[in-house]
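Please read the structure below before turning to the comments.
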Amino acid sequence: MRKFVIHAWNFVFNHEVSPLRHIPDFNVRHMVLQILGWMWAIAFSVAVGSYTVLAVSLIGHAVLFGAAATTVATYIAAARRPRAFLVLARQWD
């Protein structure tokens with residue numbers, strides 16, 4: 001169980017283990033990981049803040065599912081087409 005938890009943690013938070021490792025530019029890889037981190041922080045804030053009312057709780061869960069789908073889509077895109085993220089690097093130059 002301990003190995004599973006360590007592997008799961010590294011798969012999400014370690015840029016050398018996650019599918020983000022396929023993005024060749026280290027700075028773009030770091031930026032994408034930061035954006036995903038902010039997205040999850042906002043998603044959990046909305047979810048936790050909305051647990052007091054059922055209707056708002058449903059919205060919070062929808063935000064969490066959307067965040068999970070966005071993370072999966074980002075990881076798949078990073079694994080299949082890592083150079084697509086280099087457009088982000090050109091915008092900051």
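Does the chain come out rounded, prolate or oblate, given a ≥ b ≥ c as the square roots of the eigenvalues of its C-alpha gyration tensor, rounded meaning a/c under 1.5 and, failing that, prolate meaning a/b above b/c?
oblate
This ranking places 26, 44 by how few other beta-carbon atoms lie within 10 Å of each, fewest first, which gives 26, 44.
Put in order of Cβ neighbour count within 10 Å, fewest first, the listed residues 81, 21 become 81, 21.
Fewest neighbouring Cβ atoms within 10 Å first, the residues 18, 57 line up as 57, 18. Net charge dipole, the chain: roughly 300 debye, given to the nearest 20, about the Cα centre with Cβ charges of +1 for Lys and Arg and -1 for Asp and Glu. Looking at region 45-90, the chymotrypsin sites (Phe, Trp or Tyr not before Pro) that sit in a DSSP loop and have at most 12 other Cβ atoms within 10 Å of their own Cβ are 51. Largest mean-square fluctuation among 33, 54, 64, in a Gaussian network model of the chain whose springs join Cα atoms under 10 Å apart, belongs to 54.
Readers should treat all values here as calculations from the given coordinates under stated rules, not as data from a laboratory. From a predicted model like this one, the values you see are computed outputs, not experimental measurements. For neighbour counting, all protein chains shown are included, and Cβ atoms are generated from backbone atoms with ideal geometry for every residue, glycine included.
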